[in-house]
Amino acid sequence: MGDAVKVVNISKKYKGVVALDHVSLTIKKNSIFGLLGSNGAGKSTLLHIIIGLLNPNEGDVYVLDEKINKGFSKNLKNKVAIVPQKLSLYEELTIFENLYFFAKSYGLPRKEVLEKIEGLKNILRLGDLHRKVKNLSGGYQRRTSLAVGLIGSPEILILDEATVGIDLETKKIINELLLSLKEHMTVITTTHSLEEAEAICDYVYFLHKGKKVLEGTLQDIIKKYSAENSGDIHIVFKDEEAAKKIFDLFGETKILRMEGNKLYLVFFSGQYSANVLTNFLNKIKGYEKDIVDISIHKPNLEEIMLQLIKSD
Amino acid sequence: MFYTVLIKEARQLFSDKGFLLIALIQPLIFIVMFGSSFKGGDINHLDTIVIDNDHTNYSQYVIDATYESEFFDPINFSGTLDDALIHLERSEVRAVILIPENFSDNIDNAITGEIEIYIDSSNFLTYSSLSGAQIEIIKESLQRIANDLLGGLEEEKETSKKKIEDIKDIFDEIETEADKLDAELNDIKEEFSGIDSTAIKNSINSLKDALQEEKTSLNQTQNALDGIIFTLADIKAFNQTEEDRKLIVIGQITAIRNGINNSIKDVDDTIRDLDEIDVGTVDAGNISDRIDEKLDSIKNKFESVKEIGESISLNLNKLQKDFLSEPIRIKETAYHGEIKYFDYLGAGVLSLIVFFVSLMAPALNVIYEKEQNTLYRLSTTPVSSIIVFFGKFSVFILFSFFEMLYTLFVAILIYDLRITGSIYNVILILTLLACASISIGLFISSKVKTMQQALVLVPLIVIPSFMISHAFFPPDIMAEFMNYVAYATPMTFSNHALNAIMIKGFSLSEVLPDIYALLAFTIVPLILFIINYKRMRY
């Protein structure tokens with residue numbers, strides 16, 4: 001069994017500006033792959049190269065073991081579906097009409113189309129299919145867009161910032177669906193939301209200014225950066241006044257910040273952090289009765305990425 | 001806050017560089033199109049064929065007047081009328097002027113000289129202009145012909161004067177002869193008084209009969225001269241000089257008439273004298289011979305007077321009343337029949353509606369899809385760009401077809417639009433124009449990025465297309481280079497074909513070049529659209 005996608009050393013320039021700089025990656029089949037990065041990092045360019053809408057200046061791309069050369073073949077178009085960031089639906093048509101139209105574009109027979117529409121209606125809880133898309137809420141529009149992406153039963157589903165700005169219920173439904181789909185298809189998602197990536201991705205690839213900054217499974221990355229770096233101590237006081245009393249003992253400092261009745265103390269590995277922590281513990285002596293809870297919080301993906309971007 | 005809103009709106013408006021570029025170009029194109037479509041301000045200098053079958057001074061005057069007219073622009077041509085009419089049929093010339101071979105003969109014989117003019121009525125504006133301009137040719141050529149005619153009349157006047165002098169001399173001689181005859185008769189009366197001879201009596205009676213005949217002849221001449229005087233008195237002269245000349249001639253003829261009257265009296269006197277003769281002792285044979293001789297002499301003189309009178313009468317015939325009221329007439333033929341202004345505009349209006357709707361609808365549809373990103377999404381599915389194109393194309397053809405039928409129906413029902421040829425051919429041409437317009441609309445949509453740009457660009461294409469497509473301004477009055485620019489729009493070809501079918505009644509085989517052009521306008525943008533389709537998907 002080959003890889004879903006293999007990108008070998010590709011570069012892309014737009015009017016002299018490097019959008020991608022010798023990027024290589026491999027996406028395993030039946031996984032959820034997160035392509036991460038801030039705006040302008042090169043995610044969309046990479047995605048458009050993968051789906052054959054853009055040609056790289058150098059390097060090769062293989063999708064389902066087929067080399068991409070000037071666009072997708074009809075075979076690949078049958079196997080790869082994209083859910084764009086923009087809604088990309090016929091808003092004057094109903095949910096059913098949109099699903100039917102795109103299903104027919106895959107050449108599916110009517111009976112199968114109707115079965116699939118019924119299945120997706122239930123999975124994505126689309127409700128009344130005869131509502132016009134323009135009259136739907138943002139959440140339902142997103143669900144419909146995802147349903148359109150799934151109607152052709154693709155082997156690879158690409159989500160290009162497809163869950164931006166949706167409500168929690170929709171996000172939950174979509175995440176559950178994607179996790180369940182992993183057995184049958186490969187999902188590639190680009191997102192700003194690292195929280196979302198943490199929730200569903202098996203493997204993440206972090207781009208910054210057209211270059212790879214980081215890649216690996218979530219567990220490996222968090223483990224690696226937690227050990228090497230730092231964490232927060234979260235101290236919850238009984239009220240804001242008590243928290244402020246302790247906060248004032250330190251004056252202006254970057255390692256301690258206050259939010260309501262909570263104090264956050266950042267620590268790093270090494271002698272400096274040990275001293276800070278010892279000092280802090282000494283100072284709060286006598287105020288134990290004001291403290292409700294103390295917890296240690298390890299860095300999440302977002303914090304790790306922010307650190308990496310800053311260090312860059 | 002107002003200032004903030006103003007700044008925001010300005011920034012939004014000016015952020016679309018494509019829109020700004022089109023908005024900048026638009027006025028320039030409009031001004032150039034308007035200015036160059038109407039080069040002279042008037043519809044004149046229209047190509048004209050002049051055929052001269054008369055080849056006389058008079059026909060040359062007509063040709064000269066045509067050349068000098070600002071409306072007609074005669075071209076070199078050496079064919080027959082039928083050849084010329086073929087050019088007119090194709091609207092390659094706007095008029096054919098035929099001067100028939102009897103043109104100058106008719107004028108010389110005081111018959112109205114007729115010129116034939118065939119005007120291409122398929123273009124209302126040029127037709128109206130030329131139809132009104134004929135009077136200029138008549139006026140100019142008539143002035144020259146009138147000068148010739150008056151010169152001739154002057155000669156005639158001199159000749160007539162001389163002839164009247166001759167008549168005077170003849171009457172003097174008649175008078176002398178009559179006196180002599182009178183004297184001789186008196187001598188005879190004295191010499192042969194009392195002689196009674198039957199033979200002489202008979203001779204005298206014969207002489208009396210002959211004199212009676214002469215009297216009748218003189219009376220007829222007198223009446224003929226009276227008729228001439230009355231006819232002449234009725235004629236209206238061109239001007240005072242002519243009036244004066246007319247009065248002189250009337251005076252001269254009246255003098256002749258009075259002379260004849262005197263002669264009649266002389267004859268009466270002679271007859272009376274003969275009645276008084278006593279023929280009893282006369283030598284009848286001798287007397288009879290002498291009197292016959294005298295009478296023959298008088299008779300001959302009267303014959304001369306008669307001839308001169310007839311000659312004057314013939315010349316005066318040239319001043320016939322009908323001829324003077326219309327010396328030259330132009331017989332006009334509207335080559336494709338009389339047309340209404342709407343008939344002429346019909347082809348252009350139908351083309352405009354079909355072109356605008358068929359171009360606008362697909363262009364906006366595709367740009368909307370681009371803005372909605374649905375085209376991009378569709379491009380990631382297995383549907384080919386050819387299928388997408390023909391799917392869209394077919395729907396818009398159907399839409400345009402019904403729009404066109406509806407427009408045609410209204411134009412015929414309410415405005416009685418003239419369709420001389422087949423209505424099916426009209427529908428076919430409009431359908432081909434719709435195909436071309438849809439292809440162009442789709443091509444535009446592949447190049448334009450925003451709806452705002454499209455809304456500026458589409459009128460930029462449609463309005464100048466209408467102006468330069470010969471729908472309103474005939475090619476004759478457009479700047480030459482603008483007639484080449486006109487080939488850049490399918491409307492020029494549809495207008496040409498529709499005009500030919502609707503006004504001239506042409507068949508499809510006669511508008512094949514237009515059909516080929518419309519097909520080219522369909523196929524080329526179609527290919528460009530499909531090529532651009534991949535690039536325009538996002």
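The values are calculated or read from the model by the stated rules, or taken from the named source; none is laboratory data. Model, not experiment: these values are computed from the prediction. Note that each Cβ is placed from the backbone with ideal geometry, even for glycine, and that neighbours are counted across all protein chains shown. Note: accessible area is taken over every heavy atom of the protein model, side chains too, but ligands, DNA and RNA are not part of it. Shrake-Rupley method; radii C 1.70, N 1.55, O 1.52, S 1.80 Å.
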Point to revise | A/B buried area, accessible surface, summed, 1.4 Å probe, Å² | key: 1900
Point to revise | Counted charge near A:I246, where neighbours are those whose Cβ lies closer than 13 Å (Asp, Glu -1; Lys, Arg +1) | key: +2
Point to revise | Long-range amide H partners of A:E215 with built H, under 5 Å | key: A:F206
Exercise for review: Scan around B:E114 for amide H atoms under 5 Å from its own, H built in the peptide plane at 1.01 Å from N, and keep only partners 5 or more places away or cross-chain.
Suggested key: B:R329
Exercise for review: Loop sites only, by DSSP: take the GluC sites (Glu not before Pro) in chain A that have at most 10 other C-beta atoms within 10 Å and name the longest stretch containing none of them.
Suggested key: A:1-182
Check your understanding: Of all the accessible heavy-atom surface of the protein assembly as shown, with the other protein chains kept in place and a 1.4 Å probe, what percent is carbon and sulfur?
Key -> 55
Practice item. Over the stretch A:42-130, average the accessible area per residue using a 1.4 Å probe and give it in Å², no decimals. Key: 46
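Express the C-alpha Rg of chain A as a ratio against the empirical globular expectation 2.2 N^0.38 Å, rounded to two decimals. It would help to have the intermediate numbers written out before the result.
Details: Rg = 23.9 Å, N = 312, 2.2 N^0.38 = 19.5 Å.
Its radius of gyration relative to the 2.2 N^0.38 Å reference: 1.23.
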Practice item. May I ask for the angle, rounded to the nearest 10°, between helix B:490-499 and the longest principal axis of chain B, with both axes built from Cα atoms and the value confined to 0 to 90°? Key: 40
Point to revise | Members of the stretch A:87-109 that become less accessible by 30 Å² or more once partner protein chains are added (1.4 angstrom probe, chain alone as reference) | key: A:S88, A:Y90, A:E91, A:F102, A:S105
**Study point:** the protein assembly as shown: projected area of the alpha-carbon convex hull, averaged over directions, in nm²
**Key:** 61.7
Practice item. Just flag the trypsin sites (Lys or Arg not before Pro) in the stretch A:1-44 sitting in loop per DSSP whose Cβ has no more than 10 other Cβ atoms within 10 Å. Key: A:K15
Review point. Tell me, what are the semi-axes, in whole angstrom and largest first, of the equivalent ellipsoid of the stretch B:341-537 as set by the roots of 5 times the Cα gyration tensor eigenvalues?
Key: 31, 17, 15
Practice item. Between the alpha-carbon centers of the stretch B:387-434 and the stretch B:439-479, tell me the distance in whole angstrom. Key: 19
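Where in the stretch B:76-147 are there trypsin sites (Lys or Arg not before Pro) that are in a DSSP coil and have at most 15 other Cβ atoms within 10 angstrom of their Cβ?
Values: sites: B:R90, B:R94, B:K139, B:R144; in loops: B:R90, B:R94.
Hits after loop and neighbour filter: B:R90.
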**Study point:** Cβ-based net charge around B:A500, under 11 Å, with every Lys or Arg adding one and every Asp or Glu removing one
**Key:** -1
**Study point:** Per residue accessible area in Å² of chain B, where ligands, DNA and RNA are left out and the probe is 1.4 Å
**Key:** 49
